[in-house]
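J.: Before we start, here is the structure in question, set down as structure tokens.
The values are calculated or read from the model by the stated rules, or taken from the named source; none is laboratory data. Owing to the predicted nature of the structure, the values given are computational and were not obtained by experimental measurement. Please note: Cβ atoms are built from the backbone with ideal geometry, for glycine as well, and neighbour counts cover all protein chains shown.
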Amino acid sequence: MTVSNHKPEHLTPITHSYVGILHAFRLDAYAVLDLQPGVPESDIKMTYRKKSLLIHPDKTSNPQAPDAFDRLKKAQTELMDEKHRQRLDESIADARMLLIRERKWTVDNPELQSNEFRKAWREKTKQVLMDDELRRRRQMKVQMQEEGRQQMKEEEELDARKRKRDHEQKWEATREQRIGSWRDFQKGKSTDSDKKKKKKLKVLG
């Protein structure tokens, strides 16, 4: 029986990268890249480059490559975006403070440096980020509804202006007809008046 020195597939660096990226909490870009909050941009770029070289779909036939690479790229883009990274950092900081308050600790409590607290912090961060995402989606829904109402209002105003314009065009188009009818009416009145005058004159005579 031959014993192979080849590492099992689940222990290779490539597979480890896939597992880490695909199982990371996707709303936390730091977790996807396996980085700690507050790292410099140079670390983000370096980590992204190393991981992307391992899992790029052009360099491996692993079926998980496209999904893992997309998540990695998205996480890197979010962390390189100053506003997005600031919001993420604020959510992570909020999670830490919420956890400290729940435990009724002070910010200099030595337990804050423990692995147990770091693990609890990650879980609390997930909760805060999910709450933030739900709030953002509700705001987007309200905004879309408001935009829909505004669009409907604008369409109704456009439709009203169009009806008014069509009415004015039709009114203008029948102007000559109306003038002709009025002239005929006036002419008819004059003829009737003349006949009555003649009839009265004849009676008097």
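J.: Looking at Lys104, Lys124, can you tell me which residue is basic (Lys, Arg), in contact with a Leu (Cβ under 6 Å, 6 or more places away or on another chain) and not assigned by TED's automatic domain parsing to the domain that holds Leu22? Give the derivation first.
T.: Details: Lys104 fails: in contact with a Leu (Cβ under 6 Å, 6 or more places away or on another chain).
From the options Lys104, Lys124, the qualifying one is Lys124.
J.: State all residues of segment 62-72 that are closer than 20 Å to Arg49 by Cβ and surrounded by fewer than 14 Cβ atoms within 10 Å (Cβ to Cβ); if no residue qualifies, say none.
T.: Pro66, Asp70 - these are the residues of segment 62-72 that are closer than 20 Å to Arg49 by Cβ and surrounded by fewer than 14 Cβ atoms within 10 Å (Cβ to Cβ).
J.: Of the residues that make up segment 145-165, is at least one touching a helix residue (DSSP H, G or I) at 6+ places or on another chain (Cβ under 8 Å) and either free of Cβ contacts under 8 Å to residues at least 24 places away in the same chain or part of a helix (DSSP H, G or I) (or both)? Outline the logic, then answer.
T.: Step one: filter segment 145-165 for residues touching a helix residue (DSSP H, G or I) at 6+ places or on another chain (Cβ under 8 Å), giving none.
No: segment 145-165 contains no residue that is touching a helix residue (DSSP H, G or I) at 6+ places or on another chain (Cβ under 8 Å) and either free of Cβ contacts under 8 Å to residues at least 24 places away in the same chain or part of a helix (DSSP H, G or I) (or both).
J.: So, one more: Looking only at segment 84-107, count every residue that is touching a helix residue (DSSP H, G or I) at 6+ places or on another chain (Cβ under 7 Å) and surrounded by 12 or more Cβ atoms within 10 Å (Cβ to Cβ) and tell me the total.
T.: As a first pass, look at segment 84-107 and keep what is touching a helix residue (DSSP H, G or I) at 6+ places or on another chain (Cβ under 7 Å): 84-85, 88, 91-92, 94-96, 98-99, 105, 107.
Within this subset, residues satisfying the condition of being surrounded by 12 or more Cβ atoms within 10 Å (Cβ to Cβ) are 84-85, 88, 91-92, 94-96, 98-99, 105.
Count: 11.
J.: Provide a single number: the residues in segment 93-124 that are in a helix (DSSP H, G or I) and more than 31 Å from the chain's Cα centre (by Cα).
T.: Residues of segment 93-124 in a helix (DSSP H, G or I): 93-102, 110-113, 115-124.
With more than 31 Å from the chain's Cα centre (by Cα) added as a condition, the list becomes 100-102, 110-113, 115-119.
So the count comes out to 12.
J.: Something else now. Return the residues of segment 40-67 that are modelled with pLDDT under 95 and of a type in the set (A, V, I, L, M, F, W, C); say none if nothing qualifies.
T.: Leu53, Leu54, Ile55, Ala65
J.: Next question. Residue by residue through segment 36-69, note down the ones that are touching a residue at least 40 places away in the same chain (Cβ under 8 Å) and either in a helix (DSSP H, G or I) or of a type in the set (A, V, I, L, M) (or both). If you could, list the steps in order and put the result at the bottom.
T.: Taking segment 36-69 and keeping what is touching a residue at least 40 places away in the same chain (Cβ under 8 Å), we get 37-38, 54-55, 60, 62, 64-65, 67-68.
Within segment 36-69, Leu54, Ile55, Ala65, Asp67, Ala68 qualify.
J.: Hey, another quick one. Does segment 54-63 include one or more residues that are of a type in the set (A, V, I, L, M), in the same structural domain as Phe25 (by TED's automatic domain parsing) and under 27 Å from the mean Cα position of the chain (by Cα)? Even if it seems obvious, please write down each step before you answer.
T.: Filtering segment 54-63 for residues of a type in the set (A, V, I, L, M) gives 54-55.
Imposing the further condition that a residue be in the same structural domain as Phe25 (by TED's automatic domain parsing) reduces the set to 54-55.
From what is left, the residues that are under 27 Å from the mean Cα position of the chain (by Cα) are none.
Within segment 54-63, none of the residues are of a type in the set (A, V, I, L, M), in the same structural domain as Phe25 (by TED's automatic domain parsing) and under 27 Å from the mean Cα position of the chain (by Cα).
J.: Which one is farthest from Ser52 (Cα to Cα) among residues in segment 76-131 that are among the polar types (S, T, N, Q) and free of Cβ contacts under 8 Å to residues at least 40 places away in the same chain? Even if it seems obvious, please write down each step before you answer.
T.: Let us first name the residues in segment 76-131 that are among the polar types (S, T, N, Q), namely 76-77, 86, 91, 106, 109, 113-115, 125, 127.
Filter once more, so that each one left must be free of Cβ contacts under 8 Å to residues at least 40 places away in the same chain: 77, 86, 106, 109, 113-115, 127.
Details: Thr77: 13, Gln86: 24, Thr106: 40, Asn109: 39, Gln113: 31, Ser114: 32, Asn115: 29, Gln127: 28 Å.
Filtering segment 76-131 for residues that are among the polar types (S, T, N, Q) and free of Cβ contacts under 8 Å to residues at least 40 places away in the same chain, the one farthest from Ser52 (Cα to Cα) comes out as Thr106.
J.: From Glu154, Glu168, Glu133, Glu146, which residue is surrounded by 10 or more Cβ atoms within 10 Å (Cβ to Cβ) and within 30 Å of Ala95 (Cβ to Cβ)? Reasoning before the result, please.
T.: On the way: Glu154 fails: within 30 Å of Ala95 (Cβ to Cβ); Glu168 fails: within 30 Å of Ala95 (Cβ to Cβ); Glu146 fails: within 30 Å of Ala95 (Cβ to Cβ).
Being surrounded by 10 or more Cβ atoms within 10 Å (Cβ to Cβ) and within 30 Å of Ala95 (Cβ to Cβ) holds for just one of Glu154, Glu168, Glu133, Glu146, which is Glu133.
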